[in-house]
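Here the structure comes first, spelled out in structure tokens, and everything after it is commentary.
The values are calculated or read from the model by the stated rules, or taken from the named source; none is laboratory data. The structure displayed is predicted, hence computed values, not measured ones. We place every Cβ from the backbone using ideal geometry, glycine too, and count neighbours over all the protein chains shown. Quick note on the areas: whole protein, heavy atoms, side chains included, nothing else; ligands and nucleic acids left out. Shrake-Rupley method; radii C 1.70, N 1.55, O 1.52, S 1.80 Å.
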Amino acid sequence: MKNLRLPSYLVLLALELAPMSFVACQKAKSTTAAQKDDTSVAIQTASVKEETRTESVFTSGLISSDVEARLSFKTGGIIDKIYVKEGQKVSQGQLLATLNLTEINAQVQQARQSYEKAERDLQRVKGLYADTAATLEQLQNVTTAQEVARQNLTIAQFNQNYSQLRATTSGTVLKKLMNEGELASPGAQVLYVAATGQQNWVVRVGVSDKDWAKLSIGDKAKVTLDAYPNDAFEGTVTELAQAADPQNKLYEIEVQVKPGNKRFAPGLFARAEIIPNESHTYSIIPIEALVEGNGQQAFVYVVSADKHTVKKLPVRVAFFDNQRAMIASGLEGIKEVVTAGASFLTEGADVAVMNDSGTIK
């Protein structure tokens, strides 16, 4: 077989064209890559962090006593004597005020005499009935009359007992609303007494249904008062309303406050930070990662496994903390979310993940 020899000028031409073909091929590849970069959205991502937090409930109200008594006479009459003054300490059962008992004592005496007469009539008719000189109906009538007289005496004695006011709790007389010599109608408030022991001070406040659901009996609280701006007092949730107030739609809670060595009085303005026992774990992302927010519902974008496209995920936002979004659900198992460029994305869009310096990762 003979060896073919190419003319020298063809060999030189082939050598000159080879570099040009290589450059053209590389240029074509670069053009394709450039076209792909032109259709990709430049984005940046941020790591998803987790944090366990206890959400405090902040509220305010007025200091009051947990035991308050607005004392009034059951029967009307002229106030004969008031034995206490405003601000005076009293003990449970102590006599505080009395009515003029002239009329009331007369009513008791009248009821007693009526009862004694009815008792004599009953005994006489019983004897006659035994001798068949009285009928059964007569015996029954006087028996009923005797019972009615006895009940009338009980009523008169009851009214006599409640024609004086006694302290229902140990505490302080906060208000004296009537004076000696005035005519007190039945049920009219005369004295306002409140328990003022170490364990008797509370703050009653209204909270929303969202905050009410976080709280439980025994939750601790930190209470501050305008009267003592440099002090913080320990508090404990002691009552939780089981229904909302029909007027303001809030749920009333009661926080017991320990005054320590400070002097408390009803009406002091107080602020309370209540710390629930229950805590929650949240996924934390930058706020700019959220798109299409509506209330607590929003979406985020995450980079797909191929690193070139994105997926759109729904999330539920618990609350915001400055520039951070606390996500209650939706990011389980997600390590990163799209931040910069998220507002320009759609489901399945081509992306180019950039570093902070602006270069592709």
With every protein chain present, what accessible area does Y251 have (1.4 Å probe, heavy atoms only), rounded to the nearest 10 Å²? 50 Å²
GNM on the chain, Cα springs under 10 Å; top mean-square fluctuation among L191, L99, L128 goes to L128
For the chain, modelled as a Gaussian network with Cα springs under 10 Å, which listed residue fluctuates most, G77, G333, G235? G333
If amide H atoms are built 1.01 Å from N in the plane of the peptide, which residues on other chains or at least 5 residues away come under 5 Å of the amide H of S60? A272
Relative to the first principal axis of the alpha-carbon coordinates of the chain, what is the inclination of helix 136-161, with its axis defined by its Cα atoms, in degrees from 0 to 90 and to the nearest 10? 60 degrees
Measuring from label point to label point, each 7 Å out along Cα→Cβ, what is the Q198 to K74 span in nm? 3.7 nm
Hey, rough spin-label estimate for T168 and S216, points 7 angstrom out along Cα→Cβ, what's it come to in nanometres? 3.3 nm
For the stretch 114-219, with every protein chain kept in place, what is the accessible area per residue (1.4 Å probe, Å²)? 57 Å²
Simple spin-label estimate for Q151/A244, 7 Å along Cα→Cβ, in nm, reads 4.7 nm
For helix 8-39, report the angle its Cα long axis makes with the longest principal axis of the Cα atoms of the chain; keep it between 0 and 90° and round to the nearest 10°. 10 degrees
Would you list I274, I78 from the most to the least accessible area, probe 1.4 Å? I78, I274
Starting from 0.36 nm per residue, how many nanometres of slack lie between T143 and F319 once their C-alpha separation is accounted for? 55.7 nm
Probe radius 1.4 Å, ligands and nucleic acids ignored: give me the carbon and sulfur share of the accessible area of the chain as a rounded percent. 52 percent
Rounded accessible area of T98 (nearest 10 Å², 1.4 Å probe): 20 Å²
What FRET efficiency, computed as 1/(1 + (r/R0)^6) with R0 = 30 Å and r the Cβ-Cβ distance, is obtained for L177 and S91, rounded to the nearest 0.05? 0.90
Whole-angstrom gap from the stretch 286-313 to the stretch 218-270, using each part's C-alpha centre: 42 Å
Which of (1) 1.22; (2) 1.48; (3) 1.12 is the computed Rg/Rh (Cα atoms, Kirkwood Rh) for the structure on display? (2)
Top of E252, E55, E119 by mean-square fluctuation, Gaussian network on the chain, Cα under 10 Å: E119
Over the stretch 280-361, what is the relative contact order in percent, taking alpha-carbon pairs closer than 8 angstrom and at least six residues apart? 32 percent
Contour excess over end-to-end distance, with Cα ends at Q110 and I287 and 0.36 nm allotted per residue: 55.4 nm
